[in-house]
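**Student:** Following this message is one structure expressed as structure tokens.
The values are calculated or read from the model by the stated rules, or taken from the named source; none is laboratory data. Remember, predicted model here, so these are calculated numbers, not experimental data. Cβ atoms come from the backbone with ideal geometry, glycine included; neighbour counts cover every protein chain shown.
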Amino acid sequence: MPPKTKPFQAAFQGELGAFSQEAAMRLLGPEVHVQPCQRFEEVFQSLRDGKVDAAVIPIENTLHGSVHENYDHLLHFDHKIVAETSVRIVHNLIAPPGVRFKDIRRTFSHPVALNQCLHFLAANPQVERVPFYDTAGSVKMVMEDGLKDAAAIASAVSATIYGAHILKRSIEDDRQNFTRFFLLRRSDQPELKLEEPAKKGWKTSLVFSTRNQPGSLFKALSAFALRDLSLTKIESRPLRGKPWEYLFYVDFLGSVEEERVKKALGHLQELADLLRVLGCYRA
Ligand SMILES: O=C(O)C(=O)C[C@]1(C(=O)O)C=C[C@@H](O)C=C1
């Protein structure tokens, strides 16, 4: 008998039915074996400790903004970004069967998800918002505890998985609600053959810090501007241990194999105290 190959495992934060699971299936195919984790840090640790082959994390949402915690983990763990995907997020108000909308006094969900449903929550002040560790996990909890006055905000798939009912559909503030996810691998792992072929070329993500001097950020960004490299995202995070100094996370269109990108990185290296390329992947 041929030896059994271990199925490909990907860690994500949340329970089955979370949006991160949808992202994992999009990035790695519907057959991927997923490993749910309670916290984002656990997702990064599982990959570091070799418990999984890859990890999927949300990084930014078009209504909520950046998922800051994951920017910090990208710096502290030695993982590389190997792909990205964007998922349309549709939120639903979900409760155990028999519970009616007029009974609802609390709603549980991931804080990022609650932040995407502010109009609905403002229009229904009788419903208290309760941050919970996960969207799908909230559905699981209201079902397991048989709550009669509570609902969850989550995907329609999670209502099906846990046998709950959808009371209100599509309660996100805006239909242009997308979350961007990264697929991560350990830096020492070989290249992965991915399902989705390239569409729009390459993107590179990096993090740098500069001295707190007049014009230092302007000079650093000129490394890209002078070579016509288009930035798609910039995010700043506090530099721990150095109050009021910052790390800058930049995404731009281009591959580290291109000559102009190599030159831009060399230029930036001269100006930066710290520079790390976090990944180069298909956009
Ligand atoms: O709770 C989930 O379902 C997640 O996958 C996490 C998460 C996030 O943290 O951004 C992912 C997508 C949505 O933006 C809301 C929550």
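**Student:** State all residues of region 39-57 that are among the aromatic types (Phe, Trp, Tyr) and within 10 Å of the ligand (Cβ to nearest atom); if no residue qualifies, say none.
**Tutor:** The answer is Phe40, and nothing else.
**Student:** Got at least one residue in region 268-282 being in contact (Cβ under 8 Å) with a residue 24 or more places away in the chain and assigned to a helix (DSSP H, G or I)?
**Tutor:** There is at least one residue in region 268-282 that is in contact (Cβ under 8 Å) with a residue 24 or more places away in the chain and assigned to a helix (DSSP H, G or I).
**Student:** List pairs: first in region 29-57 and in a loop (DSSP other than H, G, I, E, B), second charged (D, E, K, R), Cβ under 6 Å, 6+ apart or cross-chain?
**Tutor:** Pairs that qualify, where the first residue is in a loop (DSSP other than H, G, I, E, B) and the partner is charged (D, E, K, R), are Gly29/Glu195.
**Student:** Looking at Arg169, Arg175, Arg185, which is the one that is surrounded by 14 or more Cβ atoms within 10 Å (Cβ to Cβ), of a type in the set (D, E, K, R) and out of contact with any helix residue (DSSP H, G or I) (no Cβ under 7 Å at 6 or more places or on another chain)?
**Tutor:** Arg185
**Student:** Restricting the search to region 1-28, which residues are surrounded by fewer than 23 Cβ atoms within 10 Å (Cβ to Cβ), modelled with pLDDT of 95 or more and not in a helix (DSSP H, G or I)?
**Tutor:** Gln9, Leu16
**Student:** Please specify each residue of region 129-178 satisfying the condition of being more than 13 Å from the ligand (Cβ to nearest atom) and under 13 Å from Val112 (Cα atoms).
**Tutor:** Arg129, Val130, listed by residue number.
**Student:** Got at least one residue in region 212-232 being surrounded by 12 or more Cβ atoms within 10 Å (Cβ to Cβ), closer than 21 Å to Asn70 by Cα and more than 20 Å from the chain's Cα centre (by Cα)?
**Tutor:** No, there is no match, as no residue in region 212-232 is surrounded by 12 or more Cβ atoms within 10 Å (Cβ to Cβ), closer than 21 Å to Asn70 by Cα and more than 20 Å from the chain's Cα centre (by Cα).
**Student:** Something else about it: What number of residues in region 1-38 are within 16 Å of the ligand (Cβ to nearest atom), touching a helix residue (DSSP H, G or I) at 6+ places or on another chain (Cβ under 9 Å) and not β-branched (Val, Ile, Thr)?
**Tutor:** Residues in region 1-38 being within 16 Å of the ligand (Cβ to nearest atom), touching a helix residue (DSSP H, G or I) at 6+ places or on another chain (Cβ under 9 Å) and not β-branched (Val, Ile, Thr): 17 in total.
The rows are residues; the columns are (1) surrounded by 17 or more Cβ atoms within 10 Å (Cβ to Cβ); (2) over 22 Å from the mean Cα position of the chain (by Cα).
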site: Lys148; (1), (2): no, yes
site: Ala152; (1), (2): yes, no
site: Ser155; (1), (2): yes, no
site: Thr160; (1), (2): no, yes
site: Leu192; (1), (2): no, no
site: Leu206; (1), (2): yes, no
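This table checks each residue for (1) surrounded by 17 or more Cβ atoms within 10 Å (Cβ to Cβ); (2) in the same structural domain as Lys140 (by TED's automatic domain parsing); (3) on the phi < 0 side of the Ramachandran plot; (4) of a type outside the set (D, E, K, R).
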| site | (1), (2), (3), (4) |
| --- | --- |
| Ala55 | yes, no, yes, yes |
| Ile59 | yes, no, yes, yes |
| Thr62 | no, no, yes, yes |
| Tyr71 | yes, no, yes, yes |
| Phe77 | yes, no, yes, yes |
| Lys80 | yes, no, yes, no |
| Glu84 | yes, no, yes, no |
| Val99 | yes, yes, yes, yes |
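**Student:** Ok, one more. Which one of the conditions (1) of a type in the set (A, V, I, L, M, F, W, C); (2) under 29 Å from Tyr281 (Cβ atoms); (3) within 16 Å of the ligand (Cβ to nearest atom) does Leu192 fail to meet, given that it meets all the rest?
**Tutor:** Single failed check for Leu192: (3).
**Student:** Would you say His79 is away from the ligand (no atom under 16 Å from the Cβ) and in contact (Cβ under 8 Å) with a residue 60 or more places away in the chain?
**Tutor:** So His79 fits the description; yes.
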